Ligand SMILES: [Cu+2]
């Protein structure tokens with residue numbers, strides 16, 4: 001297997017971007033064992049339905065010995081949340097409880113479920129002290145997805161405060177491949193984030209940057225200066241970039257190779273070996289790491305650039321003749337014989353000038369309509385002409401897509417599976433194809449959370465061409481207004497064309 005040592009990004013743009021970008025430095029506190037989130041236990045399992053509860057709540061974490069505990073938010077706990085296992089084909093009923101002092105939503109990033117409510121975008125707000133119930137049955141490949149809030153325009157602040165959890169989707173295809181899958185033993189999540197602290201507290205407003213808020217210290221699964229003792233010869237890490245804005249440029253301190261087996265939407269057709277891998281915001285990579293070359297007492301760090309994210313202490317491990325599989329799972333071919341581009345979406349600008357298709361988000365406006373069960377081909381362009389531009393991670397709700405090309409060239413070696421978030425370099429056009437399976441209303445946007453909250457977001461409606469019943473968007477708008485909730489309209493107050501004023 002070839003080893004790739006290219007980050008696949010526009011290095012100039014990365015290195016010269018926004019001066020407020022903070023390097024990761026060691027936190028001034030002792031190292032701590034990596035927190036491994038528990039698996040969410042269902043409330044009840046019946047013959048046809050599995051019931052769960054996910055409560056957004058306030059908590060505290062004692063990060064520093066000499067300051068008061070840090071006030072945090074989490075799902076069913078103090079920070080982040082349990083890892084949520086879903087089985088394809090099972091019907092789930094999930095109660096979402098808001099114990100926070102403000103409205104929030106539960107967005108299932110990477111789950112192809114009904115929008116705008118079950119999907120959990122900005123229309124799905126739950127008031128403080130209230131709860132709602134969603135239900136769905138998953139029909140998509142095994143994958144690592146995630147849960148995070150998505151209220152407009154408060155997503156970035158709520159994620160910063162601690163709301164995020166990994167989701168593991170399981171199916172029979174993945175189950176038949178010889179991969180580590182003992183959760184908490186040789187299969188563990190790594191949620192990568194960065195935060196700064198002010199007298200021990202998170203202070204989003206103090207750290208806010210319109211081009212994306214960054215912090216000085218790495219948090220892995222909410223742990224500062226995390227360490228992990230390796231007792232299994234080959235580990236599977238489900239890595240999520242859960243940061244508001246930071247790209248992670250992953251490498252091991254000694255150049256140890258690692259093997260990517262899955263991207264956002266599931267297994268790759270073939271394992272791809274790396275010594276360096278960049279993950280932009282919201283992207284996931286499942287990797288296998290072979291620790292058999294080390295001796296007990298050795299140490300190796302997983303880093304971003306040359307800053308440590310987590311230190312692995314090698315412990316005693318059983319002998320193993322495990323062979324990392326080369327072939328994984330076939331990826332469904334989406335028919336694209338017409339070669340017709342259905343739509344081009346343009347991401348432009350930096351700072352408060354960011355735009356999607358020259359517009360800012362408006363919840364009362366449907367930006368694009370597309371038929372279900374039909375292959376769509378879109379081009380995603382990052383014009384970014386100001387000051388060299390920056391990488392924008394483009395994300396779609398309601399579907400997983402395949403990367404067809406980058407500026408007409410073949411996609412990267414790890415882009416041959418399903419994705420829902422793709423990094424678009426300045427001056428690049430990324431062609432994608434996808435099929436939406438269910439009618440509904442879904443967001444597409446930049447996943448730098450501050451860009452999204454500034455309005456670099458739009459929404460599409462998917463409809464059944466054999467039974468086109470357009471969504472009554474005023475119904476959803478009125479639901480929010482009736483509850484005194486904010487409705488994002490033409491978010492700048494600029495570029496009023498008069499067209500939207502009647503809504
Ligand atoms: Cu962006």
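The values are calculated or read from the model by the stated rules, or taken from the named source; none is laboratory data. Computed from a predicted model, the values in this text were never measured in an experiment. Glycine also receives a Cβ, built like all others from the backbone with ideal geometry; neighbour counts cover every protein chain displayed.
Regarding region 395-415, can at least one residue be identified that is in a strand (DSSP E or B), within 16 Å of the ligand (Cβ to nearest atom) and surrounded by 21 or more Cβ atoms within 10 Å (Cβ to Cβ)? First the steps, then the outcome.
Initial filter on region 395-415 (in a strand (DSSP E or B)): 395-396, 401-406, 409.
So of that shortlist, the ones also within 16 Å of the ligand (Cβ to nearest atom) come out as 395-396.
Going one step further and asking which of them are surrounded by 21 or more Cβ atoms within 10 Å (Cβ to Cβ), we end up with 395-396.
Looking through region 395-415, at least one residue is in a strand (DSSP E or B), within 16 Å of the ligand (Cβ to nearest atom) and surrounded by 21 or more Cβ atoms within 10 Å (Cβ to Cβ).
Is it true that some residue in region 454-469 is surrounded by 16 or more Cβ atoms within 10 Å (Cβ to Cβ), closer than 30 Å to residue 288 by Cβ and out of contact with any helix residue (DSSP H, G or I) (no Cβ under 7 Å at 6 or more places or on another chain)? Give the steps one after another, and end with the answer.
In the first step, residues of region 454-469 are kept if they are surrounded by 16 or more Cβ atoms within 10 Å (Cβ to Cβ); the result is 454-463.
Adding the requirement that they be closer than 30 Å to residue 288 by Cβ leaves none.
Within region 454-469, not a single residue is surrounded by 16 or more Cβ atoms within 10 Å (Cβ to Cβ), closer than 30 Å to residue 288 by Cβ and out of contact with any helix residue (DSSP H, G or I) (no Cβ under 7 Å at 6 or more places or on another chain).
Determine, yes or no, whether residue 460 is over 13 Å from residue 364 (Cβ atoms), in contact (Cβ under 8 Å) with a residue 12 or more places away in the chain, more than 16 Å from the ligand (Cβ to nearest atom) and not in a helix (DSSP H, G or I). So that I can check it myself, show each step before the final result.
Numbers: over 13 Å from residue 364 (Cβ atoms): yes; in contact (Cβ under 8 Å) with a residue 12 or more places away in the chain: yes; more than 16 Å from the ligand (Cβ to nearest atom): yes; not in a helix (DSSP H, G or I): yes.
Considered against the rule, which asks whether it is over 13 Å from residue 364 (Cβ atoms), in contact (Cβ under 8 Å) with a residue 12 or more places away in the chain, more than 16 Å from the ligand (Cβ to nearest atom) and not in a helix (DSSP H, G or I), residue 460 comes out as yes.
Could you tell me which residue of region 304-321 is surrounded by the most Cβ atoms within 10 Å (Cβ to Cβ), considering only residues that are closer than 14 Å to residue 229 by Cα and in contact with a strand residue (DSSP E or B) (Cβ under 9 Å, 6 or more places away or on another chain)?
312
Is region 368-384 home to any residue that is surrounded by 19 or more Cβ atoms within 10 Å (Cβ to Cβ), within 15 Å of the ligand (Cβ to nearest atom) and over 22 Å from the mean Cα position of the chain (by Cα)?
Within region 368-384 (the criterion being surrounded by 19 or more Cβ atoms within 10 Å (Cβ to Cβ), within 15 Å of the ligand (Cβ to nearest atom) and over 22 Å from the mean Cα position of the chain (by Cα)), the answer is yes, since at least one residue qualifies.
Pick from region 416-425 the residues that are farther than 24 Å from residue 2 by Cα and not in a strand (DSSP E or B): which of them is farthest from the ligand (Cβ to nearest atom)? So that I can check it myself, show each step before the final result.
From region 416-425, those farther than 24 Å from residue 2 by Cα are 420-421, 424-425; that's our starting set.
Checking the rest, the ones that are also not in a strand (DSSP E or B) come to 420, 425.
Values: 420: 16, 425: 12 Å.
The selected residue is 420.
Among (1) buried (at least 17 other Cβ atoms within 10 Å of the Cβ); (2) over 21 Å from the mean Cα position of the chain (by Cα); (3) within 16 Å of the ligand (Cβ to nearest atom), where does residue 345 come up short?
Failing condition for residue 345: (2).
Looking at region 322-348 only, could you name the residues that are in contact with a strand residue (DSSP E or B) (Cβ under 7 Å, 6 or more places away or on another chain) and within 27 Å of residue 382 (Cβ to Cβ)? I'd like the intermediate steps shown before the answer.
Applying the first criterion (in contact with a strand residue (DSSP E or B) (Cβ under 7 Å, 6 or more places away or on another chain)) to region 322-348 yields 322, 324-331, 334, 336, 340-348.
Passing the criteria: 331, 334, 336, 340, 341, 342, 343, 344, 345, 346, 347, 348.
Among the numbered criteria (1) outside any loop (DSSP other than H, G, I, E, B); (2) buried (at least 23 other Cβ atoms within 10 Å of the Cβ), which single criterion is violated by residue 162?
Every condition holds for residue 162 apart from (1).
Conditions tested, residue by residue: (1) part of a loop (DSSP other than H, G, I, E, B); (2) farther than 25 Å from residue 58 by Cβ.
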| position | (1), (2) |
| --- | --- |
| 74 | no, no |
| 78 | yes, no |
| 112 | yes, yes |
| 115 | yes, yes |
| 151 | yes, no |
| 157 | no, no |
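Of all residues being in contact with a strand residue (DSSP E or B) (Cβ under 8 Å, 6 or more places away or on another chain) and farther than 16 Å from residue 422 by Cα in region 385-394, which is farthest from the ligand (Cβ to nearest atom)? Just the residue, please. I'd like the intermediate steps shown before the answer.
Let us first name the residues in region 385-394 that are in contact with a strand residue (DSSP E or B) (Cβ under 8 Å, 6 or more places away or on another chain), namely 385, 389, 391-394.
Among the residues that remain, those that are also farther than 16 Å from residue 422 by Cα are: 385, 389.
On the way: 385: 14, 389: 10 Å.
Step by step, filter region 385-394, then rank; the result is 385.
Is there a residue being at pLDDT below 95 and closer than 16 Å to residue 397 by Cβ anywhere in region 481-490?
yes
Which ones in region 185-196 are closer than 29 Å to residue 349 by Cα and either in contact (Cβ under 8 Å) with a residue 40 or more places away in the chain or not in a strand (DSSP E or B) (or both)? First the steps, then the outcome.
First pass over region 185-196, keeping only residues closer than 29 Å to residue 349 by Cα: 191-196.
Correct list: 191, 192, 193, 194, 196.
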